[in-house]
């Protein structure tokens with residue numbers, strides 16, 4: 001394939017679920033429902049935490065950050081996913097693609113950071129409870145939030161700016177219903193060495209650091225919990241971590257699965273790639289509010305009070 005003229009802005013084509021052309025209208029219904037559930041669930045969590053004075057504590061501040069990032073992650077892909085399912089709006093320019101990737105990868109990076117902050121919150125609450133309020137003050141929580149946002153912007157912006165000088169081939173067909181960085185650079189006709197190296201550096205500075213931090217936090221938490229003599233007390237203390245463990249699992253498992261499919265599953269049917277990509281983005285925003293509403297007594301009570309009052 002010949003590279004296009006440099007003066008011509010490249011156009012990309014988003015992909016619906018391959019092999020299911022006769023069922024796109026039907027598939028749009030559950031997708032619309034899941035997006036609505038993600039937006040309403042996370043908005044409800046945010047509203048409850050902001051309005052309920054009893055929830056103005058470090059744990060719930062971090063939960064509000066998680067809900068905000070999940071909202072951003074949902075909105076960043078909703079327009080293209082529903083647009084291609086409803087109206088077959090498959091064309092997207094490079095600039096629009098870069099903007100979508102900024103929010104998509106930016107909020108993903110933020111969610112990694114928030115999960116680390118929540119792991120640190122659980123570590124302090126269980127391993128050093130007497131200093132909990134002095135360590136996690138409001139000013140420190142604000143600083144952590146700003147650090148998480150700054151890290152995302154600093155890492156994502158150069159990664160996306162490196163896409164601008166690239167040449168792309170004529171048939172720029174993406175694998176998903178949204179722009180994904182790894183998917184886009186595969187279509188480049190020019191050398192993507194710098195993009196790949198910076199992408200690897202960004203991965204190391206996010207997942208490569210955040211994952212060991214979460215694991216270390218839980219090693220220390222488990223060691224502290226096992227030192228408690230009473231089984232009932234052990235269960236009670238560790239149960240405060242269940243919601244966070246669930247949030248970590250539903251974030252990392254789809255992300256790892258999608259990465260493995262991209263690298264080693266090229267022979268897998270295209271429908272597998274497409275479904276994995278959508279699960280990766282929709283599962284955490286949909287399930288996180290449900291997990292925290294079911295497993296966290298204070299959140300459940302506040303949500304029920306709000307619903308009953310209405």
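Please treat every number below as a calculation from the coordinates, not as lab data. Everything numeric here is computed off the predicted structure, so don't read it as measured data. Using ideal geometry, Cβ is built from the backbone for each residue, glycine included, and neighbour counts are taken over all protein chains shown.
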Using only Cα atoms, find the angle between the long axis of helix 138-161 and the longest principal axis of the chain, and express it within 0 to 90 degrees, rounded to the nearest 10.
-> 10 degrees
With a Förster radius of 35 Å, plug the Cβ-Cβ distance of residue 11 and residue 196 into 1/(1 + (r/R0)^6) and report the FRET value to the nearest 0.05.
-> 0.90
Of 232, 57, 111, the one that fluctuates the most in a GNM where the chain has Cα springs shorter than 10 Å | 232
With a ≥ b ≥ c the root eigenvalues of the C-alpha gyration tensor of the range 1-140, is it rounded (a/c under 1.5), prolate (a/b larger than b/c) or oblate?
-> prolate
With 20 Å bins from zero, work out the P(r) of the chain over every alpha carbon pair and list the percent per bin.
-> 30, 54, 16, 1
Evaluate the range 214-284: find the radius of gyration of its Cα atoms, find its Kirkwood radius, and give the ratio Rg to Rh.
-> 1.21
Cα axis of helix 270-295 to longest principal axis of the chain: angle in degrees, 0 to 90, nearest 10?
-> 20 degrees
Rg(Cα)/(2.2 N^0.38 Å) for the range 154-301, N = residue count | 1.37
Using only Cα atoms, tell me the angle between helix 242-264 and the longest principal axis of the chain; keep it within 0 to 90° and round to the nearest 10.
-> 20 degrees
Between residue 133 and residue 171, the FRET efficiency computed from the C-beta separation at R0 = 45 Å comes out, to the nearest 0.05, as 0.15
Rounded to the nearest 0.05, what FRET efficiency do residue 25 and residue 140 have when you use their Cβ-Cβ distance and R0 = 41 Å?
-> 0.25
Grab the Cα-Cα distance for residue 75 and residue 270, subtract it from 0.36 nm times how many residues apart they are, and report the gain in nm with one decimal.
-> 67.8 nm
A student applying the Cα gyration tensor rule (rounded when a/c is under 1.5; otherwise prolate if a/b is larger than b/c, oblate if not) would label the range 73-144 prolate
Selected from 190, 152, 177 as most flexible by GNM, with the chain as the system and alpha-carbon contacts under 10 Å | 190
Average Cα contact separation per residue, the range 11-309, under 8 Å, 6 or more apart, as relative contact order % | 29 percent
